[in-house]
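Read through the structure below, which is laid out as C-alpha cells, and then see the notes.
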Ligand code: NAP
C-alpha cells in the first residue's frame with residue numbers, strides 16, 4: 001500500500017495508460033478522482049475500482065481544455081477530501097500531419113489538450129499542495145518530445161513543452177516539498193497506437209531493444225513509484241519507459 005489514503009487526480013483515466021495508472025494507484029490504496037470526457041467509460045472504471053478495492057472514486061467528465069470545469073472539479077475534490085496529494089497529467093491527443101498541411105486548428109488543439117491542460121491543472125492544485133507542504137505532480141510526456149517525429153510537430157512540441165514545464169515547476173516547488181517529474185513512454189499498446197499499420201508495428205518492434213511495445217501497466221508502475229514516498233528525492237526528471245528505444 002505505497003499510496004495509502006493519498007488523494008490522486010488522474011486525467012485521461014477513461015482508457016489506455018490513464019486507466020492503468022488509476023487501477024495501479026487504487027491497488028496501492030490511493031483515493032481517486034478520475035477525469036476524461038467519456039462518462040460511461042469513467043463509470044465502468046469507477047465500478048471496477050469499487051468492486052476490487054472497496055472505494056468509490058470521484059469522476060469528472062469534461063473537456064480538459066475547459067478551465068472553469070477543471071476549477072469546479074478541483075473544488076469538489078478538495079470539498080470531499082480536503083487535500084490533493086498527487087496530480088497525474090496524462091490526458092493527451094494526436095492530430096498528426098506534415099507541417100505544410102497542418103491546419104492551425106490542429107496545432108492549437110494538440111497544444112491545448114497536451115500542454116495547456118497541465119499548466120491549468122498544476123496551477124489549480126499547487127496552492128493546496130503548498131499548504132500541505134507535500135505533493136507530487138507527474139506528467140506523461142513522450143520520447144517524441146525528446147527526439148521529434150516527422151508528422152508530429154504539434155504533438156512533439158506539446159510533449160517537449162511538458163518537459164520544460166516539469167523542470168521549471170520542479171525548481172519552483174522543490175522548497176515546498178513538492179516533486180515534479182515526467183514519464184516519457186515509447187510505444188505503448190493503447191488506442192493511440194492501435195491505428196499503426198502492421199508493417200509499421202513490425203518495423204518499430206525491430207528498433208526496440210526489448211523487441212515489443214510496452215503495456216500500459218509498465219507506465220503505471222513507474223507512476224506509482226514516482227508518486228510514492230520511495231521517490232521523495234527525485235524531482236525535475238524525465239524517466240524514459242520505452243524498452244530501450246531512446247538509448
Ligand atoms: P488514449 O488511449 O488515446 O487515451 C487518451 C486519454 O486522454 C483518454 O482517457 C481520453 O479520454 C483523454 N483525453 C483526450 N483528449 C481529452 C480532452 N480533450 N479532454 C479530456 N480528456 C481527454 O492514449 P494513451 O496511449 O493512453 O495516452 C495517454 C498519454 O500517454 C497521452 O498523454 C499520450 O500522449 C501519452 N503517450 C502515449 C504513448 C503510446 O504509445 N500510447 C506514447 C507516449 C506518450 P476521453 O476520450 O474519455 O476524453
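The values are calculated or read from the model by the stated rules, or taken from the named source; none is laboratory data. Note that the structure is a prediction, hence the values are computed from the model and not measured. Counting neighbours? That spans all protein chains shown, and the Cβs are built from the backbone with ideal geometry, glycine included.
Number of residues in segment 119-132 that are over 15 Å from residue 7 (Cβ atoms) and either surrounded by fewer than 17 Cβ atoms within 10 Å (Cβ to Cβ) or out of contact with any helix residue (DSSP H, G or I) (no Cβ under 6 Å at 6 or more places or on another chain) (or both) equals 4.
Restricting the search to segment 136-161, which residues are under 17 Å from the mean Cα position of the chain (by Cα) and either surrounded by fewer than 23 Cβ atoms within 10 Å (Cβ to Cβ) or over 24 Å from residue 6 (Cα atoms) (or both)? The answer is 142, 143, 144, 145, 146, 155, 156, 157, 158, 159, 160, 161.
A single member of 215, 198 is within 21 Å of the chain's Cα centre (by Cα), over 25 Å from residue 236 (Cβ atoms) and either within 12 Å of the ligand (Cβ to nearest atom) or surrounded by fewer than 14 Cβ atoms within 10 Å (Cβ to Cβ) (or both), and it is 215.
Can you spot a residue in segment 25-37 that is more than 16 Å from the chain's Cα centre (by Cα) and within 20 Å of residue 127 (Cα to Cα)? The answer is yes; a qualifying residue exists. Only residues that are within 8 Å of the ligand (Cβ to nearest atom) and either in a loop (DSSP other than H, G, I, E, B) or at positive phi (or both) were counted in segment 135-149, giving 3.
For segment 102-115, filtering for residues that are assigned to a helix (DSSP H, G or I) and either without any contact (Cβ under 8 Å) to a residue 12 or more places away in the chain or over 13 Å from the mean Cα position of the chain (by Cα) (or both) leaves 9. Flag not set for residue 125, criterion: near the ligand (Cβ under 10 Å from one of its atoms) and in a helix (DSSP H, G or I). Pairs linking a residue in segment 179-191 that is closer than 15 Å to residue 225 by Cα and near the ligand (Cβ under 10 Å from one of its atoms) to a residue that is at pLDDT 95 or above and assigned to a loop (DSSP other than H, G, I, E, B), with Cβ atoms under 6 Å and 6 or more positions apart or on different chains, are 184/141; 184/142; 184/143. Applying the criterion of being touching a helix residue (DSSP H, G or I) at 6+ places or on another chain (Cβ under 6 Å) and surrounded by 13 or more Cβ atoms within 10 Å (Cβ to Cβ) to the residues of segment 46-57, the residue that is nearest to residue 21 (Cα to Cα) is 49. Just to be sure, is residue 67 crowded, with 18+ Cβ neighbours inside 10 Å and in contact with a helix residue (DSSP H, G or I) (Cβ under 9 Å, 6 or more places away or on another chain)? It is false that residue 67 is crowded, with 18+ Cβ neighbours inside 10 Å and in contact with a helix residue (DSSP H, G or I) (Cβ under 9 Å, 6 or more places away or on another chain).
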